[in-house]
Amino acid sequence: MKVKYSYLPRQFANIDGLLKNIKSFVKTGDFTLGKPLDQFEKKFAKLMNSKYAIGVNSGTDAIKLSLKAHGIGVGDEVITAANTFVATVGAINELGAKPVFVDCDNTFCMNADLVEKAITSKTKAIVPVHFTGYMTNMKKINKIAKKNNLVVIEDACQSILAAQEGKIAGTWGAAGCFSLHPLKNLNVWSDGGVIITDSSKLNAKLRLLRNHGLKNRDEIQIMGFNSRLDTIQAVVGNWLIPQTKKIAEQRIKNAKYYDKNFSKITQITIPPRPKGMKIVYHLYVVFAQNRDELLKFCHKKKIEAKIHYPIPLYQQEALKFLSYKKGSFPVTDYHSKNIITFPVDQHLSKDELNYVIKTVKEFYAKK
């Protein structure tokens, strides 16, 4: 049996309705900031219990534009998580600001208890990363931010519909940033992103920033970027968005099934599942003994397991300029050596889930 990591061929196996929508849209020629984008933004805002949603061209730009709108730039410091995808740091770096890392805990998110130690006179913002489908402790983050007069921009790219005490990821800070990358829980056919906010002032500024700063066709109000979400991708988004809650529910169901079975394997450790937190499992990650050998065994058995990520971000060649020494973030380092990610998507059959479980049991039975 083969258990693939990418579910896209299954997700788009029957798209007659979508292709019909695209064909109708193409005839309008409404390709830039068109009506389907406006429709998608309204649907997304409603889904997230937010007043406004602004479609941009990537999750990276969602973070960048949100920081830019708050005046973050050269010489400023932005605190973020040590274990995240490079896009989080890339967005900060593009503005000329300096990323400042904080180690994680075993939910894979920033350890909020370590944040205050990282604050300096140059700190202007905190970008908590809701990694793998978990959420950072936003009550603590917001308390620290308020005390130190810092803006909070949430990187919720991996955690659409995750929630803490019933409040959705992305709605805790000044803005919430999401990715529509093809492998995200709500996806389109290319890169794409969305920013949510309850601020009418921020909403207006972000709409200028994403479209060259144009007030209208002939007037440039501020200097901005070319960062619009393509309207044709909004057509895809409009087709998929009604499925978003069901996708989250099925991933949660699959993760619970994994948890129930993997908890019986002594060499596997399930991460904490905090009460009051809705985890949406963009990634299903566990701690595994003999991780590298297990990964090879899974690949041999045609299970497309992965590691997120084998080289900590702060140790990457491209980020040497930050001057962090090896061992600066011990929890992140531990994760890089001991975690493994198994397919958990909404299209997996019970047979496929059982095959993954059986394979892991088989590996450890040989040890």
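The values are calculated or read from the model by the stated rules, or taken from the named source; none is laboratory data. Since the model is a prediction, treat every value here as computed from it, not as a measurement. Please note: Cβ atoms are built from the backbone with ideal geometry, for glycine as well, and neighbour counts cover all protein chains shown.
State whether the residues of region 299-310 include one that is part of a helix (DSSP H, G or I), outside the structural domain of ASP76 (by TED's automatic domain parsing) and in contact with a Phe, Trp or Tyr (Cβ under 8 Å, 6 or more places away or on another chain). No; the residues of region 299-310 include none that is part of a helix (DSSP H, G or I), outside the structural domain of ASP76 (by TED's automatic domain parsing) and in contact with a Phe, Trp or Tyr (Cβ under 8 Å, 6 or more places away or on another chain).
Taken over region 270-294, the criterion of being surrounded by fewer than 19 Cβ atoms within 10 Å (Cβ to Cβ) and closer than 18 Å to PHE363 by Cα is satisfied by ILE270, PHE287, GLN289, ASN290, ASP292, GLU293. The one condition from (1) in a helix (DSSP H, G or I); (2) surrounded by fewer than 24 Cβ atoms within 10 Å (Cβ to Cβ) that ALA91 does not meet is (2). The set of residues in region 106-120 that are buried (at least 19 other Cβ atoms within 10 Å of the Cβ) and more than 21 Å from LEU67 (Cα to Cα) comprises THR107, PHE108, ASN111. Within region 181-201, the set of residues being touching a Ser or Thr at 6+ places or on another chain (Cβ under 8 Å) and not β-branched (Val, Ile, Thr) comprises HIS181, PRO182, LEU183, ASN185, LEU186, ASP191, GLY192, GLY193, ASP198. Taken together, THR123, THR84 contain a single residue that is surrounded by 18 or more Cβ atoms within 10 Å (Cβ to Cβ), more than 28 Å from THR244 (Cβ to Cβ) and hydroxyl-bearing (Ser, Thr, Tyr), which is THR123.
From the list ALA62, ALA145, the lone residue that is of a type outside the set (D, E, K, R), out of contact with any Ser or Thr (no Cβ under 9 Å at 6 or more places or on another chain) and part of a helix (DSSP H, G or I) is ALA145. The set of residues in region 169-184 being part of a loop (DSSP other than H, G, I, E, B) and crowded, with 24+ Cβ neighbours inside 10 Å consists of ALA169, GLY170, GLY173, LEU180. Here are the criteria: (1) within 28 Å of ALA162 (Cβ to Cβ); (2) over 16 Å from the mean Cα position of the chain (by Cα). Tell me which single one LYS23 does not satisfy. Evaluating LYS23 over (1) within 28 Å of ALA162 (Cβ to Cβ); (2) over 16 Å from the mean Cα position of the chain (by Cα) leaves (1) as the failure.
Every residue, every condition in (1) of a type in the set (Ser, Thr, Tyr); (2) assigned to a loop (DSSP other than H, G, I, E, B); (3) touching a strand residue (DSSP E or B) at 6+ places or on another chain (Cβ under 7 Å), yes or no:
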residue	(1), (2), (3)
ALA204	no, no, no
ARG207	no, no, yes
TRP239	no, no, no
PRO271	no, yes, yes
VAL285	no, no, yes
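Mind checking whether some residue in region 246-264 is of a type in the set (Gly, Ala, Ser) and either assigned by TED's automatic domain parsing to the domain that holds PHE85 or more than 26 Å from PRO182 (Cα to Cα) (or both)? Checked against the condition, which is being of a type in the set (Gly, Ala, Ser) and either assigned by TED's automatic domain parsing to the domain that holds PHE85 or more than 26 Å from PRO182 (Cα to Cα) (or both), region 246-264 yields at least one hit.
For GLY71, indicate whether it is surrounded by fewer than 20 Cβ atoms within 10 Å (Cβ to Cβ), under 19 Å from the mean Cα position of the chain (by Cα) and either outside any helix (DSSP H, G or I) or in the same structural domain as LYS147 (by TED's automatic domain parsing) (or both). Here the answer is no, as GLY71 does not meet what is asked. When we screen GLU219, GLU165 for residues that are more than 26 Å from TYR5 (Cα to Cα) and without any contact (Cβ under 8 Å) to a residue 24 or more places away in the chain, the only hit is GLU219.
Taking region 324-354 as the range and being touching a residue at least 24 places away in the same chain (Cβ under 8 Å), out of contact with any Leu (no Cβ under 8 Å at 6 or more places or on another chain) and assigned to a loop (DSSP other than H, G, I, E, B) as the test, the residues that pass are TYR324, SER328, PHE329, PRO343, ASP345, GLN346, HIS347, LEU348. Looking at this structure, is LEU18 in contact with a strand residue (DSSP E or B) (Cβ under 8 Å, 6 or more places away or on another chain), at pLDDT 95 or above, closer than 14 Å to TRP239 by Cβ and crowded, with 16+ Cβ neighbours inside 10 Å? Here the answer is no, as LEU18 does not meet what is asked.
Scanning region 295-323 for residues that are without any contact (Cβ under 8 Å) to a residue 24 or more places away in the chain and crowded, with 17+ Cβ neighbours inside 10 Å gives a single hit, GLN315.
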